[in-house]
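What follows is a set of notes on a single structure, which appears directly below.
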Amino acid sequence: MSKEKEFKSGFVSLVGRPNVGKSTLMNKLVGHKIAIMSDKPQTTRHKIHSVLTGEDYQIIFLDTPGIHKPKHKLGQHLVELALGSLGEVDLILFLCEAMEPGAGDKYIIRQLEGISTPVILVLNKIDLIPKPQVLALIDEYRKLYDFDQIIPVSALKEENLDRLIQLIMGYLEPGPKFYPDGMYTDKPERFIMAELIREKVLHLTSQEIPHSVIVEIEDIEKMSDEMLEVRAIIYVERDSQKGIIIGKNGSMLQEIGKRARQEMEALLGSRIYLELFVKVKSDWRNNEKFLRGFGFYE
C-alpha cells in the first residue's frame, strides 16, 4: 500500500524590473488571468496573491510591482511594496528578460545580497533569441549572484513552465492548504474588474495616459439572475487625458468599455451592463489620502 504524499505549501515572490513579464508568468502558472498585462512599464500596482493548488501542494505567488526609481509617492510605495516582500516568502523568483543584465537588474541583485531567502533566476522570453545565446546569458548572470537555480522560460509560449513548477516544489515545506480548492486569487472580483478596465485603457491609449490612470468600481447592482450593472470611474490627472480616453464622440471610451465588458462576462459568467465615467483628479499619484482610498498603504 503506497504512502500518501505529504501536503506541501509555500509563498513565492515574483520580482524584477518593470515590463519583464511577471504578470504574464503568474497568469500562465496559475491558469487564470488575475494580473493585467501590458507592454507599458509599472502595470502592476498592488501585491497580488495568486494560488496554484495541486493534489499534494499549494503555491501562493506574490506578483509585486516592478522595481524602478520612483518619481512620485505612488512609485515610492510600489518599490517599497516589492522590496518588502523579499524577506516574507519561502522562495524568490527573480525574473529577467533574456538579454544582457542592465542597470535595473543589477540594482535588484544588490537588494538580494542581504536576503537569506533562496532565489531562482528565471530568464524569460527565450523564444526571442537563439539557444546558444541563452547559455551565454546564464554564464553572465552566474558571475553577478550565487543563484540557487537558473531556468530559462518563455511565459508567453508556456515553454519550460512545468519544469519551473517542479523546481519551486523543491523549496516547499510541509504545510497547510491556505486557500480552498477553486480559489485562485485573494483579490475580490471588484478589484479584478477595475484592473481589466485599466488594462484596456493601457492597450488603447498613448504613452501620455498609462501611469496617470486609476479605476474605481463605484457600484455593482444585480439587475437579474443573468445581468449585473457595473458603474466605474476612470480617474486621470489632466483634462487633456480625459479627452483622449473619451475620444471623438465617445468612441475611445466605448471601445474600452466593450473590451472590458467582454472579459468581465467571461470572468463572472454573467452578462454585464457597464457604465464608464471619466473624471479628473489632479496629481492623484502624490495624494496620499486618495491613494489610501484605493487600498495603497494598507
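Only the coordinates and a few stated rules stand behind these numbers; no lab work does. Just so it is clear, the model here is predicted, and its values are computed rather than measured. Cβ atoms come from the backbone with ideal geometry, glycine included; neighbour counts cover every protein chain shown.
Of note:
- Long-range amide H partners of residue 57 with built H, under 5 Å: 8
- Computed from backbone phi, the HN-Hα couplings of segment 150-160 come to 10, 9, x, 9, 10, 4, 4, 8, 6, 8, 6 Hz, rounded to whole numbers (Karplus: 6.51 cos²θ - 1.76 cosθ + 1.60, θ = phi - 60°; Gly and Pro given as x).
- Spacing of the two label points (7 Å from each Cα toward its C-beta) at residue 270 and residue 258, in nm: 2.4
- At R0 = 41 Å, FRET efficiency that the Cβ-Cβ distance of residue 238 and residue 127 yields, to 0.05: 0.60
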